[in-house]
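The next block holds one structure in the form of structure tokens; read it before the comments.
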Amino acid sequence: MAAGIGSLFGGKIDKTVAGSTPWWPAAIKPPEGAPNILVVLFDDVGFSDFGCYGSQIRTPTIDKLAAEGLRYSGFHTTAMCSTTRAALLTGRNHHSVGVGCLANFDSGYPGYRGKIAREAGTLSEMLRPHGYRNYMVGKWHVTPLTESGATGPFDGWPLGRGFDRFYGFLDAETDQFAPELVSDNTHIDPPGTFADGYHLTSDLVDQAIRFIADHTADRPDLPWLTWVALGACHAPHQAPAELIKGYDAMFAHGWDVEREQRMARQKAMGIVPPETTMPARNDGVKTWEAHSEDERRVFTRLQSAFAGMLDHADQHLARLVGFLDTAGIRDNTLVLVLSDNGASQEGGPLGFVNAMGPYNFRPEPVAEKLRRIDDIGGPDSHSNFPHGWAMASNTPLRRYKQNTHGGGIRDPLVMSWPKQIKAKGELRHQFVHACDLTPTLLDLIGISAPKEIGGLAQMPIEGESFARSVADPAAPSKSSPQYFEMFGHRGLWQDGWKAVSFHPSGTPFENDKWELFHLAQDFSETDDLAEKEPERLAAMIKLWWSEAEKHNVLPLDDRFAARFAENAARFQGARSNFTFHAGMGHVPTDVAPDVRSRSYTIEAHVEIDAAGAEGVLIAHGDATTGYSLYIKDGHLVHDLNIGGGHEIVTSDRKVPAGAHRLGLHVERLVRKEPPAKGARTGVSEYKLLIDGEPAGSMQTQFGFNNFISWSGLDIGRGRSSPVSHYNAPFEFTGRLLRVTVTMHNDQKLDGDGVGAAEMARQ
């Protein structure tokens, strides 16, 4: 018997079973009364967007949960998605665990690895030794995206961090009608298409119900954690068309009226104090009436798409909560509904019908937006609303996601647990932070965070339980100060006061202006007391630096464009050749060849019989942008899709039967270094090749300057959201041996443009 196994045996082993005594390890027993935990994490939903926080958007399921439990008005996040998720999952500050910014890059410093440190166990890892089964559906985004391909490594994926099942996506966002899905550790195709009525929210709720139903049938004696991280309401804002259009009349009055109406309802509800002052419009936001009638029509529909997406999510959440009732397990299920940061500013001042065009220097003027108004929220759109509507979402708070003012970090939190929470519809005004959630859940369950996980000593829990406030509305807020930092924006909360600094990117940090607010008397951060209380402000700034050093915030770095570029260069290094084979799975865009702003050659090795063949050889992207090389009607075709604008070149002759090399050579002919803002970067020639010989060409000013696509690459087939004008997946009917991509060493990216495009993705 192996020594390791024998040392764990508690019985007796003799030469025969007659003289031996069997032994079984004691079964894990969860704490008495341990609840099931359902976390419903929305994305980019602002402080006022739920009906129970002041909006007219229909959220009856969330409102009912609030009426049966609690709403927190002082819940704070970290201003971005990866970072809030890291804090929620670990009970520590996001810089402390290595996710000081996005999972999209590793800047080489301890606080900015883009991956949760092993020394920072997740809630699922902490619950597992106490009998919990852990399930997750939806958005992860705390794994470096360069580790999201078929080879992993998988130690940062959900199953590597304590979840038993996972169904969702790893990136910051995905198309809701044609998502990039992962089941456990495997990339898979969506189970439906837009034509079938498929939508990711519905699919995620189906999977959550399945996980819980399977669990209830198999081990009803054990509690579960189900973490539902919806794509709603991150861009692209996509929902059923009739639902979207039904909101137009509600929002036709514009964002100025909407803000006033929301704050009036918030005051009536007690969400904000009656003396709360509405802040001035955020920088660069015009009055609603200052926009043209055409602009207002488009802006209204863009807001309707956001509202429709939230409404749609609430409808499916109703199915999930209804299942808990049907299964008889709702009473002892702790349900939390929250958002990861404030409403998004990535839509810019005018919003987008399809962001992919403008981020590649293909303009989207108002006339183009108006022409495509009925496409908004549909399968070939990548829509996001303008700043004015994001401002309204965050009512009555200043600024947006990415910022450390209230609009970026103050979010809704609803809590319901019928068996234990006796309060019905009550409010809690304590200051609480995302890193406080895990210690609160451990406290409510009655367990402590482990000192070791997998033999590795664990970092101290940095969050502070707010469990006392569940029963006691007068319980104090957390006793420790709470720092904030994102892209150089900084903040510190302490004993009801907040110091905060907005950092213009690229400017010296020492030039930043710090503001001081007494949040206990100034909910909306409008009365700057910096000049009246200089000593208090100086002390808080000094404390911020101390907390920053303590939690791995330093060095401050606002070079987010450079971080993205450096990350891509470091990952692919000197590699210039890629070989793909038929039968392989989907390749995420951060792992696929980066053919932006460079010359490159694609070559597909095929065998075609006498009957001919057609279908996709290689495609990167989806209906909103990307490229595809395929055979149709016997001809080799390349489609360069930039924001829905198609530049197509077709071979001057048909591809004959037999073995062939079918390819494309792209040559950058003219380049402006760097391009003028908003200008195209020059001319490229796209030359089709059949067995190395030219077979047709085109020159175009359109090319991938800043971003190819948020959707990845496929070989021998397309996605259900097709790059070109073919019926997806349009699988290749011949024999595809391999596809090679050779990138030439002439890439020159517009760093600011790359950063802007990547930030729009977060």
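The values are calculated or read from the model by the stated rules, or taken from the named source; none is laboratory data. For clarity, every value in this text was computed on a predicted model and none was experimentally measured. Note that we place each Cβ from the backbone using ideal geometry, even for glycine, and neighbour counts take in every protein chain shown.
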Every residue in region 512-526 that is in a strand (DSSP E or B) and either buried (at least 18 other Cβ atoms within 10 Å of the Cβ) or in contact (Cβ under 8 Å) with a residue 24 or more places away in the chain (or both), please. TRP514, GLU515, LEU516, PHE517
Across (1) over 26 Å from HIS234 (Cβ atoms); (2) of a type in the set (Gly, Ala, Ser); (3) assigned by TED's automatic domain parsing to the domain that holds ALA343, ALA367 clears everything bar (3)
As an exercise: evaluate VAL182 against (1) β-branched (Val, Ile, Thr); (2) outside any loop (DSSP other than H, G, I, E, B); (3) surrounded by fewer than 19 Cβ atoms within 10 Å (Cβ to Cβ) and give the number of the one condition it does not meet. (3)
Is there a residue in region 119-129 that is among the polar types (S, T, N, Q) and surrounded by 24 or more Cβ atoms within 10 Å (Cβ to Cβ)? yes
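Right, THR404: assigned by TED's automatic domain parsing to the domain that holds GLY51 and under 22 Å from ASP256 (Cα atoms) or not? Break it down stepwise before answering.
Numbers: assigned by TED's automatic domain parsing to the domain that holds GLY51: yes; under 22 Å from ASP256 (Cα atoms): no.
So THR404 does not fit the description; no.
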Within region 37-60, considering residues that are over 28 Å from PHE487 (Cβ atoms) and touching a Gly at 6+ places or on another chain (Cβ under 9 Å), the one surrounded by the fewest Cβ atoms within 10 Å (Cβ to Cβ): PRO60
Scope region 450-486; condition farther than 17 Å from GLY74 by Cα, hydrophobic (A, V, I, L, M, F, W, C) and within 27 Å of the chain's Cα centre (by Cα); matching residues: MET459, ILE461, MET486
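Evaluate the following for THR78: is it outside any loop (DSSP other than H, G, I, E, B), within 30 Å of LYS115 (Cα to Cα), in contact (Cβ under 8 Å) with a residue 24 or more places away in the chain and in contact with a Ser or Thr (Cβ under 6 Å, 6 or more places away or on another chain)?
Details: outside any loop (DSSP other than H, G, I, E, B): no; within 30 Å of LYS115 (Cα to Cα): yes; in contact (Cβ under 8 Å) with a residue 24 or more places away in the chain: yes; in contact with a Ser or Thr (Cβ under 6 Å, 6 or more places away or on another chain): yes.
No; evaluated as a whole, the condition is false for this residue.
Could you list all residues from region 290-317 that are surrounded by fewer than 16 Cβ atoms within 10 Å (Cβ to Cβ) and touching a helix residue (DSSP H, G or I) at 6+ places or on another chain (Cβ under 8 Å)? Write out each step before concluding.
First pass over region 290-317, keeping only residues surrounded by fewer than 16 Cβ atoms within 10 Å (Cβ to Cβ): 290, 292-294.
Hits for region 290-317 are SER292, ASP294.
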Residue within region 414-436 that is assigned to a helix (DSSP H, G or I), modelled with pLDDT of 95 or more, touching a helix residue (DSSP H, G or I) at 6+ places or on another chain (Cβ under 8 Å) and in the same structural domain as LEU243 (by TED's automatic domain parsing) present: yes
Would you confirm whether or not region 434-448 contains a residue that is in contact (Cβ under 8 Å) with a residue 12 or more places away in the chain and surrounded by fewer than 16 Cβ atoms within 10 Å (Cβ to Cβ)? yes
Please find, within region 245-279, the residue that is surrounded by the most Cβ atoms within 10 Å (Cβ to Cβ) out of those that are small (Gly, Ala, Ser) and not in a helix (DSSP H, G or I). GLY254
Those residues of region 162-202 which are closer than 14 Å to GLY138 by Cα, of a type in the set (Gly, Ala, Ser) and without any contact (Cβ under 8 Å) to a residue 40 or more places away in the chain, in sequence order: SER183
With respect to GLY108, determine if the residue is part of a loop (DSSP other than H, G, I, E, B), over 18 Å from the mean Cα position of the chain (by Cα) and buried (at least 24 other Cβ atoms within 10 Å of the Cβ). no
Has region 236-244 got any residue that is over 29 Å from GLY152 (Cβ atoms), touching a helix residue (DSSP H, G or I) at 6+ places or on another chain (Cβ under 8 Å), outside any loop (DSSP other than H, G, I, E, B) and of a type in the set (Val, Ile, Thr)? yes
